[in-house]
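Heads up, the thing below is written out as structure tokens.
The values are calculated or read from the model by the stated rules, or taken from the named source; none is laboratory data. In this text the structure is predicted, and so the values were computed from the model without any measurement. Neighbour counts run over all protein chains shown; Cβ positions are idealised from the backbone, glycine included.
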Amino acid sequence: MTNGLKVGLAGVGTVGGGLVKLLAARGDTLASRAGRPIELVAVSTLEHRKNPDVDISPFRLVKDPVALAKDSGIDVFVELMGGEGGVAKESVEAALRAGKHVVTANKALLAHHGPSLAALAEKHEVALNFEGAVAGGIPVVKVIRESLKGNDISRVYGILNGTCNYILTMMEREGRAFADVLKEAQKQGYAEADPTFDIGGFDTAHKLALLTSLAFGTRTSFESIYIEGIESITPADIEAADDLSYRIKLLGVALRTDSGIEQRVHPTMVPKHTAIAEVAGVANCVAIDGDFVGDAMLIGLGAGGGPTASAVISDLIDIARGSILPPFGTKAKDLKPYKKAQMRAHEGGYYIRLSVYDRTGAFAAIANRMAEQGISIESIVQRRARAELPGYDRPHKGSPAAVVMITHQTTEAAVRKALAAIERDGHVAASPQMIRIEKL
């Protein structure tokens, strides 16, 4: 067997710790599968962030990650620190310039700097692998970059954040409010103390930027993604979706159109009979529409030490075998500039919930505002009042009633103009709720 692949690891948190454990547990098996041993020889970790469950004493400790990245004693630099820039970016750049292969699970870094880092890797003829950056243990990067190269992909979408999916699942199953389930998710370790990155949709958007580049051969364009989180979803919305045979999921959607590429992250109503509606809890799902393969879907655990460490190991095995591919499947110089799609009608229509004061003329005024924007209503239902709706005290004449409308195909701009006018008219007790209905 040839000489071992010597690895330097920066970051021994949840994922880094999982990697250390996996290498210790499967060393001989991995060596057989890779054709050579994969040897962790050095680590860099901040003292106050050491993982107490992981023993790093057998490895050489290098305090500075940038120094580790350039260390002559390693072949591969594994970056698991996280962060869009700073020391993560500096150390990855240093490793590539020093002719070291790089494996990272840092979606924020790649979403903002992926093409330039890819160009640097290609210049120095080394690998920049990032299977762990998107959907944890689901091998979607390799599937798009390698297995589906014979296809023209028209759409890629999915559930890319386990925290949001867990919250929405528990809200549906137990009828609890968003804030209550979020607290539980934090206690169980599914959500951070500051959960904004997850529930605000930014984590999903970083992953979507990478999937878009892989699927369509374009440069990443995080700033072009429309981002909306799940903070405004209420039990009333969950209940209405259930009655209409939908479930609410936070989706990341990238779609190629005649005018360019559309990227969006937002809560979405998906039909209950679809496979993606059944993806529950902390699971992730990625769906890919190709012209020859048809509709392909991958489902699995999208985060955590074990699943993400599994993805990192697959990248290391590829490097050990000598497989070095363009990071985004297309050489960096050939990645096309990102062209944002023109606004078009949303085929699935929209769900709209209004908390409407029960008074003469209110419903007529709302209908007029919709008509002014050319919005056709498929259905309208008045639902019973719920205590969590803004403006609700107890039912009495003039108190708000929950009104749910489903529109036919229309543009988002038209819906937003109509809802802004409705809110200005003063017939609603709170800001309207709008959720897209996706055709899958």
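Only residues that are surrounded by fewer than 16 Cβ atoms within 10 Å (Cβ to Cβ) and touching a helix residue (DSSP H, G or I) at 6+ places or on another chain (Cβ under 9 Å) were counted in the range 431-440, giving 1. Residue pairs whose Cβ atoms lie under 6 Å apart, sitting 6 or more positions apart in sequence or on different chains, and linking a residue in the range 1-18 that is touching a residue at least 40 places away in the same chain (Cβ under 8 Å) to a partner that is part of a strand (DSSP E or B) and among the hydroxyl-bearing types (S, T, Y), are A10/S44. When E262, E228, E239 are checked against the criterion of being among the acidic types (D, E) and free of Cβ contacts under 8 Å to residues at least 40 places away in the same chain, E228 stands alone in meeting it. Selection over the range 271-295 of residues that are part of a helix (DSSP H, G or I) and either within 14 Å of the chain's Cα centre (by Cα) or free of Cβ contacts under 8 Å to residues at least 12 places away in the same chain (or both) gives a count of 1.
Which residue is surrounded by the fewest Cβ atoms within 10 Å (Cβ to Cβ), if the candidates are limited to the range 133-142 and must be farther than 19 Å from A332 by Cα and β-branched (V, I, T)? Here the answer is I138. Among all positions in the range 172-188, there is no residue which is over 24 Å from N129 (Cα atoms) and within 17 Å of the chain's Cα centre (by Cα).
Of all the listed residues (E131, E125), the sole one being more than 30 Å from A296 (Cα to Cα) and touching a residue at least 60 places away in the same chain (Cβ under 8 Å) is E125.
For the range 71-82, check the following and say yes or no: at least one residue is without any contact (Cβ under 8 Å) to a residue 12 or more places away in the chain and either among the β-branched types (V, I, T) or on the phi < 0 side of the Ramachandran plot (or both). Yes: the range 71-82 contains one or more residues that are without any contact (Cβ under 8 Å) to a residue 12 or more places away in the chain and either among the β-branched types (V, I, T) or on the phi < 0 side of the Ramachandran plot (or both). For the range 15-46, filtering for residues that are outside any strand (DSSP E or B) and either closer than 16 Å to S310 by Cβ or under 30 Å from the mean Cα position of the chain (by Cα) (or both) leaves 19.
Determine whether T268 is in contact (Cβ under 8 Å) with a residue 60 or more places away in the chain and either crowded, with 24+ Cβ neighbours inside 10 Å or assigned by TED's automatic domain parsing to the domain that holds E378 (or both). Answer is yes for this residue. Can you tell me which residue is modelled with the highest pLDDT among those in the range 324-358 that are more than 30 Å from G114 (Cα to Cα) and part of a loop (DSSP other than H, G, I, E, B)? The residue in question is G349.
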